[in-house]
1. Could you list all residues from region 6-27 that are at pLDDT 95 or above and in a loop (DSSP other than H, G, I, E, B)?
2. Take the conditions closer than 23 Å to GLU52 by Cβ, buried (at least 18 other Cβ atoms within 10 Å of the Cβ) and modelled with pLDDT of 90 or more and apply them to LEU90. Does it pass?
3. Given the criterion under 19 Å from ARG11 (Cα atoms), among the aliphatic types (A, V, I, L, M) and either surrounded by 16 or more Cβ atoms within 10 Å (Cβ to Cβ) or modelled with pLDDT under 70 (or both), identify the matching residue among LEU64, LEU81, LEU123, LEU76.
4. Among ARG56, ARG50, which is under 13 Å from the mean Cα position of the chain (by Cα), under 18 Å from GLU93 (Cα atoms), surrounded by 11 or more Cβ atoms within 10 Å (Cβ to Cβ) and not acidic (Asp, Glu)?
Amino acid sequence: MKRKYVPDLSRQMAICEANYARLLKLIPDLDNTDQREYQISWQGRSALVRLEVEERFRYTTTVLVSQQSESDSRWLESPQLLVRLYHDALMAEVICMRQRRQLSGRYAYPNPQMHQPDEKAQLNAFLGECLTQCLNHGHLMEPVFVG
């Protein structure tokens, strides 16, 4: 008999808390900055990760996290994740992907969109890996002004 997927809420909350802390390290001036870009070079590969603030409210901030690889192709889309930061709970979670459709906490499988039963948990873990790469191997891309 096939077991139904049951989300591990403790694990998901820990991932969201860690992602919140990572995002604040990458954008320490979140209230005043609209965009940050990090160039990641690791094991002979290179990618650009853009963190772009889309909305600011009293208790939440929404950030679009996009990645562009040097080897982008027409058949493989670069990841784009819309992430909501909850300042009162100190958590950040992926709320949707490129299509801007809200993600569910779990999906029946199979389903018409071919989502995995734990799609949202996988995307939050992926976000954590991406942000960790920015922290460990990323270089902040800022304009240099010569006066």
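1. ILE27
2. no
3. Residue meeting the stated conditions: LEU123.
4. On the way: ARG56 fails: under 13 Å from the mean Cα position of the chain (by Cα).
When all the criteria are applied, what remains is ARG50.
The values are calculated or read from the model by the stated rules, or taken from the named source; none is laboratory data. Please read these numbers as outputs of a predicted model, since none were measured by experiment. Glycine also receives a Cβ, built like all others from the backbone with ideal geometry; neighbour counts cover every protein chain displayed.
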